[in-house]
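Chemist: Below is one structure. I have some questions about it.
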Amino acid sequence: MQDPTTATSTAPMTDLDPPDTSTGHAAITPRALQVREPAPTDLATRDRIFSIEDVTISYSGKAAVRDIAFPIYKNEITALIGPSGCGKTTLLRALNRMNDLIPTAKVEGKVFYHDIDLYDSAVDPVQVRKRIGMVFQKPNPFPKSIYDNIAFGPRVLGMKGDMDSIVESALRKGALWDEVKDRLKTNAFGMSGGQQQRLCIARALAIEPDVILMDEPCSALDPISTGRIEDLMHELRADYSIVIVTHNMQQAARVSDMTAFFTVELGQDESRTGRVVEYDATEKIFTSPSDPRTEAYVTGKVG
Ligand code: ADP
Ligand code: MG
């Protein structure tokens, strides 16, 4: 078993080479898509956590998303937006090899996490998911106590240290400690939906990942609980990189630094394939997008 944090990839990152400082231009030429990149000066100072290179993901041979290529930056919040069925969840799952759990799913292209080729046969998907945590649409606490929900992952992984401290630290990071410190041994199902979702975030944080993937984490929550999760995301950004799928455009505009807008392309054979139309700084996407399809979507002209 190889630890992906130490594994190195020999694969050349041809499509996403570092900026060519001699010309002042970024040597980034996403092949299949007209994906916009931030200014080269920006790029030089921003570390990447992922490089997605020409990724096509299919189910039973039918492409759900095609030719996806963009970088995801460290300690930033990256939003994936677009109409239902355009492949946001599919791409998100590819970032921690959750698609491995779907027998019909096939990922082509490259996904680099730091400099590790995530789909290299030497990479252990369990180790990947330890570094890249996931939070789902519906809060899914285990039918256990609050304490045991958090302690579960660290116990399974045999993490060293005092379990009470690990639990407290994760609950603090999840902005939940003050609300639950007097009822740690009570069942997690007794919490409100918003608390349960923060528990799921704290549970993901307990195993010390550096990325959190969130798939519409607030879609089942009321506006106040949603606001708390958004505040929490802002706090977490200092220490983690976050990729969030959201249906809520105001949320993408409020929380994210970068936004990828996906759309569904209809093939002649009626097939539906997700593509990235535009990827840029969130402010740009929402105030002066480059593509008319993005503008129509963010202004609510099309859903
Ligand atoms: P989004 O999250 O943007 O709504 P999804 O990634 O869930 O989109 O779905 C993209 C496409 O892939 C859809 O056509 C969907 O039906 C299909 N799809 C998603 N998951 C599966 C699966 N497990 N098996 C087969 N097809 C799937
Ligand atoms: Mg989805």
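The values are calculated or read from the model by the stated rules, or taken from the named source; none is laboratory data. For clarity, every value in this text was computed on a predicted model and none was experimentally measured. Cβ atoms come from the backbone with ideal geometry, glycine included; neighbour counts cover every protein chain shown.
Chemist: Kindly indicate the residue of segment 43-53 that is under 16 Å from the mean Cα position of the chain (by Cα) and among the β-branched types (Val, Ile, Thr) and also farthest from ligand 2 (Cβ to nearest atom) among those meeting that condition.
Modeler: Checked segment 43-53; the qualifying residue farthest from ligand 2 (Cβ to nearest atom) is Ile49.
Chemist: Quick one: in segment 123-133, of everything that is β-branched (Val, Ile, Thr) and either within 16 Å of ligand 2 (Cβ to nearest atom) or part of a helix (DSSP H, G or I) (or both), which residue is surrounded by the fewest Cβ atoms within 10 Å (Cβ to Cβ)?
Modeler: Checked segment 123-133; the qualifying residue surrounded by the fewest Cβ atoms within 10 Å (Cβ to Cβ) is Val126.
Chemist: Still on this model: Would you check if there is a residue in segment 205-219 being free of Cβ contacts under 8 Å to residues at least 24 places away in the same chain and hydrophobic (A, V, I, L, M, F, W, C)?
Modeler: no
Chemist: I'm trying to understand the selection: among the residues of segment 54-103, which are among the hydroxyl-bearing types (Ser, Thr, Tyr), out of contact with any strand residue (DSSP E or B) (no Cβ under 7 Å at 6 or more places or on another chain) and more than 11 Å from ligand 2 (Cβ to nearest atom)?
Modeler: Selection gives Ser60 alone.
Chemist: All but one of (1) over 13 Å from the mean Cα position of the chain (by Cα); (2) crowded, with 21+ Cβ neighbours inside 10 Å; (3) within 16 Å of ligand 1 (Cβ to nearest atom) hold for Ala105, so report the exception by its number.
Modeler: (2)
Chemist: Let me ask something else about it. With the condition kept exactly as written, say whether any residue in segment 36-56 is within 15 Å of ligand 1 (Cβ to nearest atom), over 30 Å from Pro154 (Cα atoms) and at pLDDT 95 or above.
Modeler: Yes, there is a match, as at least one residue in segment 36-56 is within 15 Å of ligand 1 (Cβ to nearest atom), over 30 Å from Pro154 (Cα atoms) and at pLDDT 95 or above.
Chemist: Since Ile285 meets every condition but one in (1) outside any strand (DSSP E or B); (2) within 16 Å of ligand 1 (Cβ to nearest atom); (3) β-branched (Val, Ile, Thr), which condition does it not meet?
Modeler: (2)
Chemist: Among the residues of segment 58-102, which ones are within 16 Å of ligand 1 (Cβ to nearest atom), among the acidic types (Asp, Glu) and farther than 14 Å from Val276 by Cβ?
Modeler: Selection gives Asp100 alone.
Chemist: Still on this structure, please answer the following. Would segment 229-243 turn up any residue that is within 30 Å of Val167 (Cβ to Cβ), in contact (Cβ under 8 Å) with a residue 24 or more places away in the chain and within 16 Å of ligand 1 (Cβ to nearest atom)?
Modeler: So far as segment 229-243 goes, yes, one or more of its residues are within 30 Å of Val167 (Cβ to Cβ), in contact (Cβ under 8 Å) with a residue 24 or more places away in the chain and within 16 Å of ligand 1 (Cβ to nearest atom).
Chemist: Still on this structure, please answer the following. For the structure I just gave you, tell me whether Ile150 is crowded, with 23+ Cβ neighbours inside 10 Å and either in contact (Cβ under 8 Å) with a residue 24 or more places away in the chain or part of a helix (DSSP H, G or I) (or both).
Modeler: So Ile150 fits the description; yes.
Chemist: Report yes if some residue within segment 249-272 is within 16 Å of ligand 2 (Cβ to nearest atom), in contact (Cβ under 8 Å) with a residue 24 or more places away in the chain and more than 19 Å from Ile68 (Cβ to Cβ); otherwise report no.
Modeler: yes
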